[in-house]
Amino acid sequence: MTSDANTPDGPAEPSRDVPQPPHSGGERGREDEPHPRLAPRPTARPGVSEGEHAVFGRPSGVAGSFDGQAPSVPDERIGSADPDPVLREAFARPEGSTEVLQRDPFAIPPGTEREDEAPSDPWRDTESLAGLGDPAAEAPPRPEPGPGPKLGVREVLFGERVAPRALAALAGVALVIALVGALVGGFVGRITGTTYERLTDPHAALAQDSSKISDQGSAAAVVSQVGQGVVTIDVRTRTSGGLGSGSVIDASRGYILTNNHVVSDAVGNNDAKTEVVFWNGRRVPAKVVGADPGTDLAVVKVDVDGLHQIGLGDSDQLAPGQPVVAIGSPVGLERTVTTGVVSATHRAIQEPADGADAPAVLDAVQTDAAINHGNSGGPLLDMKGRLVGVNTLASNAEFAVGLNFAISINVAKPIIEKIIRGEKVVHADLGVNGRTVSNDTASGVRVENVKNGGAAARAGIREGDVITKVGDTDVADYAAVVVAIRAAGVGKQVPVTVTRGGRTTTVQVTPQADS
């Protein structure tokens, strides 16, 4: 018995039919080879026991993996049963038929003749050769375009259908019409320019309301009497738009009071469209008369008759706890009425910055009457229906509820009159910036960025000083300083108390105009 497996006595001799490697283990390659080769590593085969050899070894006399001398014995387990007679009759070929399922569609059936041969098909005929067809005929060359004859006015405009004399007559008529139009247009323009009412009025003055409405009137009575004087202001530009509210303060000349931030997109923008929507839904165009970004006030004008005017009240007479009514168009909901009380008066508030303008600083009436986006510019009314504030700002903090602010009408009135008269609005300015501080040394506004040549610099106030009082008013933040200085007025001396190095002193300051 032979085997190529290892035996217990040692490795078996290699078969003579198996080619041997050119080198034995550990020998280098021949010198004539370009690169020496290492002989393969010897194969380590584990020993095979006699029991394993008897079970898995080749039978005696077999040298290869297959025994060609052994007879083929069919496996009776592999085979197929005879088909069902019904299926054989249904799906088997007819008796004596040799036709197959796949056949050449162009083959001539046995016993028939075809007059025409199958068309040449290179996809079916794998022996066909590629060939080139006849070349395409070349198109005749196009002639180079040359300069054509020049056309005159008659050919261009009328296609040679108008005679030269008629053309001259038409030109003469057009000239006469142009001259007459210029004369008539200039005459009409002169009349319009001299009679049309100007946006501003140099003699404008707003009167206090002297109506005798009872202080005990209800909110419904106030709304029924003055509600028609509240309007919605719609400003649209090519890229933005917004809604606000307003109050008719001069019915005869069409002046409406609102906030600067409501109409700021329309100031100096010829593409902006400003419209006023009245209580009855009527929509009319409006023009911006002027605005004061420093106090967030503005005036627009409409050319409408029969307006309902809201009279001005006296915001200095307001007291905390006094009921008030706010009317406007919050989030576009026109004719919205909210009520509340006066929470405080002369509250100094600085608005967030809006665009390129510096933040507005307000002398405000604080109220808990709800004010939302769209209420801006609308009226805050006392129970006599008088305008005591211009709704401007609401607190957006999640932890703050009922903190709303309106510009005091007593502060707004002189500014509105200057805007209507076409005068420049200026404010008293100290010439410093500041921030709130509170420590063991002092509590107030620490001075920063003193303006060269400003009122503070001339009075000797320096950076690092802490302002604690302006006039008789204690100041706790920068907005309070601005409001107190504006109340003093331009050119009017006011005492300012400052703390420097633990020592307190009072200096006399003469505020200057802010521009």
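The values are calculated or read from the model by the stated rules, or taken from the named source; none is laboratory data. Since the model is a prediction, treat every value here as computed from it, not as a measurement. Every residue, glycine as well, gets a Cβ built from its backbone with ideal geometry; the counts of neighbours run over all protein chains shown.
So, residue 310, is that one crowded, with 22+ Cβ neighbours inside 10 Å, assigned to a strand (DSSP E or B) and out of contact with any Lys or Arg (no Cβ under 6 Å at 6 or more places or on another chain) or not? Against the criterion (crowded, with 22+ Cβ neighbours inside 10 Å, assigned to a strand (DSSP E or B) and out of contact with any Lys or Arg (no Cβ under 6 Å at 6 or more places or on another chain)), residue 310 does not qualify.
Against the condition β-branched (Val, Ile, Thr) and touching a helix residue (DSSP H, G or I) at 6+ places or on another chain (Cβ under 7 Å), how does residue 274 come out, does it pass? Yes, satisfied.
The number of residues in segment 367-422 being closer than 29 Å to residue 224 by Cβ, of a type outside the set (A, V, I, L, M) and assigned to a loop (DSSP other than H, G, I, E, B) comes to 13.
With respect to the conditions (1) in a loop (DSSP other than H, G, I, E, B); (2) over 23 Å from residue 414 (Cα atoms); (3) in contact with a strand residue (DSSP E or B) (Cβ under 7 Å, 6 or more places away or on another chain), residue 341 lacks only one, and its number is (1). Just the residues that are over 21 Å from residue 363 (Cβ atoms) and crowded, with 23+ Cβ neighbours inside 10 Å, please, taken from segment 479-515. Within segment 479-515, 498 is the sole residue that qualifies.
Residues of segment 283-307 that are among the charged types (D, E, K, R), touching a strand residue (DSSP E or B) at 6+ places or on another chain (Cβ under 9 Å) and either surrounded by fewer than 14 Cβ atoms within 10 Å (Cβ to Cβ) or part of a strand (DSSP E or B) (or both): 283, 287, 292, 301, 303. Filtered by the rule that a residue be in contact (Cβ under 8 Å) with a residue 24 or more places away in the chain, of a type in the set (Val, Ile, Thr) and part of a loop (DSSP other than H, G, I, E, B), segment 447-469 gives a lone residue, 461.
No other residue among 486, 462 is of a type in the set (Lys, Arg) and farther than 20 Å from residue 351 by Cα apart from 462. When residue 501 is tested against (1) at pLDDT below 90; (2) touching a strand residue (DSSP E or B) at 6+ places or on another chain (Cβ under 7 Å), exactly one condition is not met: (2). Within segment 474-491, the set of residues being within 17 Å of residue 512 (Cβ to Cβ) and part of a helix (DSSP H, G or I) comprises 481, 482, 483, 484, 485, 486, 487, 488.
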